[in-house]
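Please read the structure below before turning to the comments.
The values are calculated or read from the model by the stated rules, or taken from the named source; none is laboratory data. The structure displayed is predicted, hence computed values, not measured ones. As a convention, Cβ positions derive from the backbone with ideal geometry for all residues, glycine included, and neighbour counts pool all protein chains shown. Side chains included, ligands, DNA and RNA excluded: accessible areas come from the protein's heavy atoms. Shrake-Rupley method; radii C 1.70, N 1.55, O 1.52, S 1.80 Å.
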Protein chains: 2
Amino acid sequence: MTPTKDPWELPDVSGLTVGVLGGTGDQGRGLAYRLARAGQPVIVGSRAAERAEAAAAELGHGVRGLDNAGCARESDVVIVAVPWEGHARTLEALREELAGKLVVDCVNPLGFDKRGAYALVPEEGSAAQQAAALLPGARVTAAFHHLSAVLLQDPAVEKIDTDVMVLGESRADCELVQALAARIPGMRGVYAGRLRNAHQVEALVANLISVNRRYHAHAGVRLTDI
Amino acid sequence: MTPTKDPWELPDVSGLTVGVLGGTGDQGRGLAYRLARAGQPVIVGSRAAERAEAAAAELGHGVRGLDNAGCARESDVVIVAVPWEGHARTLEALREELAGKLVVDCVNPLGFDKRGAYALVPEEGSAAQQAAALLPGARVTAAFHHLSAVLLQDPAVEKIDTDVMVLGESRADCELVQALAARIPGMRGVYAGRLRNAHQVEALVANLISVNRRYHAHAGVRLTDI
């Protein structure tokens, strides 16, 4: 880590295969679509291989579909986009396949009631910290929390004007994820702290849901002055 | 509350007197300066009236200085910008003066160690919820968390390009605070949810501190698509 390094100088990640666990859900499907459309090799994972294959065929752009274990095994970078309810169970079952992989958790633990969305607080502090606790052999980061699944999946949307906050313990790993985010037109990947500060980034989605309701929007986040 | 109302149609707040508790600290002084410069009647409050008067004289633009109780009593809107450590004590002592007032909490409960800043979790959930618990007679909102005290206080900075996330239980109260934020050139006041979702907005400052270190910036937040 050289503190004088230009923080916008990011590695070339165009050759890395990106797996998306929960790739048949709205968020996972949207991320897979955007990355594949940007030229990234992408595999969507699902509990059932057939569902993953069907989603892959729909997504096009060379996306492949495998069951979660195959997806994890064949990918360099693995995005975790499963529902919060299945987060711990899914990761525990993939501990071996995810060893040594760069894992990107984008799960937002939220509850909903008639007053809207609210943040849940995982015992470990955040979904990302839960992933790090469950996957001692993986390189866990957190990113891609604030993206609208609607915009991600809409083929008519050319650019997604937003920043992706990237959290993690290793600068090199964060920079890989930042570079991945930057492949999607309109997006920047911005380093935004260590995993112990992931909870508020995950939980901010509850606020974006309030913004979306009030302003009839698909709100995202931009950081200013950078 | 009329759900079809244009969310950008905000009340005229130019005649309201704004008090800033903790108005001699960096954040409080910065907010007082920006609001007064925009033409708002402003009173800075401090434990010691002389310190408030000295800060007011330095700030100019018609700012007045009073002790905290006087500041609370003579203001319509009271911004709480005290250090987290003094938050509960300060508010408890002003329960009577703040009854009926519109209170805007902008306090970020943070801890610091050699790895940087991290979020503290108040027993009530957030600083804003602590204020609401301590001030049953006041109208408590939360806002102005993500502003750089450096930019706020720099007279050479004409515009502060950022959004102010406003949280609260009453739409009318939130709109008053949104209108107040909008008086400062470059700022928008955006409704961002109920007080139960204030913690992550407060805590996000820990992430902005990481961003500032990495990018040598005074980062703020803009919401996109609104």
| query | When both residues are 6+ apart or on different chains and their Cβ atoms are under 7 Å apart, which pairs have a first residue that lies in region B:106-135 and is among the charged types (D, E, K, R), and a second that is open to solvent by less than 40 Å² (accessible area, probe 1.4 Å)? | reply | B:E124/B:Q130
| request: Scan region A:196-226 residue by residue and report those that are open to solvent by 10 Å² or more (accessible area, probe 1.4 Å) and under 19 Å from A:R139 (Cα atoms). | output: A:R196, A:H199
| message | When you check A:I226 against the structure, is it within 13 Å of chain B (Cβ to nearest Cβ) and within 21 Å of A:G25 (Cβ to Cβ), yes or no? | response | no
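Every residue, every condition in (1) over 14 Å from the mean Cα position of the chain (by Cα); (2) surrounded by fewer than 24 Cβ atoms within 10 Å (Cβ to Cβ), yes or no:
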position: B:T4; (1), (2): yes, yes
position: B:L31; (1), (2): no, no
position: B:V42; (1), (2): no, no
position: B:A54; (1), (2): yes, yes
position: B:C71; (1), (2): yes, no
| message | Among the residues of region A:170-211, what is the count of those that are closer than 14 Å to B:M165 by Cα, without any contact (Cβ under 8 Å) to a residue 40 or more places away in the chain and more than 7 Å from chain B (Cβ to nearest Cβ)? | response | 0
| query | Does A:R29 fit the bill of being under 24 Å from A:G189 (Cα atoms) and touching a His at 6+ places or on another chain (Cβ under 9 Å)? | reply | no
| note | Filtering region B:140-191 down to residues that are modelled with pLDDT of 95 or more, charged (D, E, K, R) and part of a loop (DSSP other than H, G, I, E, B) yields B:D154, B:E158, B:K159, B:E169, B:R183
| message | If I filter region A:203-222 for residues that are over 18 Å from B:R222 (Cα atoms) and among the β-branched types (V, I, T), do I get at least one hit? | response | no
| remark: When region A:73-123 is checked residue by residue, the ones that are under 17 Å from A:L176 (Cα atoms), buried (at least 24 other Cβ atoms within 10 Å of the Cβ) and β-branched (V, I, T) are A:V78, A:I79, A:V80, A:V103, A:V104
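Being touching a residue at least 24 places away in the same chain (Cβ under 8 Å), facing chain A (nearest Cβ under 7 Å), buried (at least 21 other Cβ atoms within 10 Å of the Cβ) and more than 13 Å from the chain's Cα centre (by Cα), is that true of even one residue in region B:137-150? Working first, answer last.
At the first step, the residues of region B:137-150 found to be touching a residue at least 24 places away in the same chain (Cβ under 8 Å) are B:137-150.
Checking which are facing chain A (nearest Cβ under 7 Å) leaves us with none.
Checked against the condition, which is being touching a residue at least 24 places away in the same chain (Cβ under 8 Å), facing chain A (nearest Cβ under 7 Å), buried (at least 21 other Cβ atoms within 10 Å of the Cβ) and more than 13 Å from the chain's Cα centre (by Cα), region B:137-150 yields no hits at all.
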